[in-house]
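**Q** The following block contains the structure, expressed as structure tokens.
The values are calculated or read from the model by the stated rules, or taken from the named source; none is laboratory data. Here the structure is a predicted model, which means the values were calculated and not measured. Cβ placement follows ideal geometry from the backbone for every residue including glycine, while neighbour counts extend to all protein chains displayed.
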């Protein structure tokens, strides 16, 4: 029997009597997000943790660059322009990966895609951008 298009971490494999009876044959990323309005997008999503980060975001395609103070309290965010020193520097494509909660900022830092400017930035960002469940797109479009 073959099941297709299950989200990463789906519990079906753990429900099998024989854990090794189910195998992952491929992984496809059908869901991509590109944030066009960073402050609006960051305030539209819900957060599971409180915290504050200054995000330096570059969008080479649109020729835009901005520094944003993201403040989260009780799951609600505010995001305003700031001239404070950044905690993290992102390309907008990497911020799109983090936005959905499927990729941790610390993973992108280790991969060399995101730059952390201080020791606490990665841990704070991982907490802020985590999601209740991983993003999943059942159908491509």
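**Q** Condition first: out of contact with any helix residue (DSSP H, G or I) (no Cβ under 7 Å at 6 or more places or on another chain), more than 16 Å from residue 41 (Cβ to Cβ) and not in a helix (DSSP H, G or I). Now tell me which residues in region 97-131 satisfy that.
**A** 111, 112, 115, 117, 118, 119, 120, 130
**Q** Hey, among 51, 75, which residue is at pLDDT below 95 and closer than 15 Å to residue 130 by Cα?
**A** After ruling out the rest, the residue left standing is 75.
**Q** Residue under question is residue 133, and the condition is that it be over 18 Å from residue 34 (Cα atoms) and modelled with pLDDT of 95 or more; does it hold?
**A** Considered against the rule, which asks whether it is over 18 Å from residue 34 (Cα atoms) and modelled with pLDDT of 95 or more, residue 133 comes out as no.
**Q** Show the residue pairs that are 6+ apart or on different chains and have beta-carbon atoms under 7 Å apart, the first residue being within region 65-88 and on the phi > 0 side of the Ramachandran plot, the second being buried (at least 20 other Cβ atoms within 10 Å of the Cβ).
**A** 75/47
**Q** I'd like the residue in region 87-96 that is closer than 13 Å to residue 41 by Cβ and assigned to a helix (DSSP H, G or I) and, out of all such residues, is farthest from the chain's Cα centre (by Cα).
**A** Across region 87-96, the extreme among qualifying residues is 92.
**Q** Also, I was wondering about something else. Return yes when residue 129 is out of contact with any strand residue (DSSP E or B) (no Cβ under 8 Å at 6 or more places or on another chain) and surrounded by 12 or more Cβ atoms within 10 Å (Cβ to Cβ) and no when it is not.
**A** Here the answer is yes, as residue 129 does meet what is asked.
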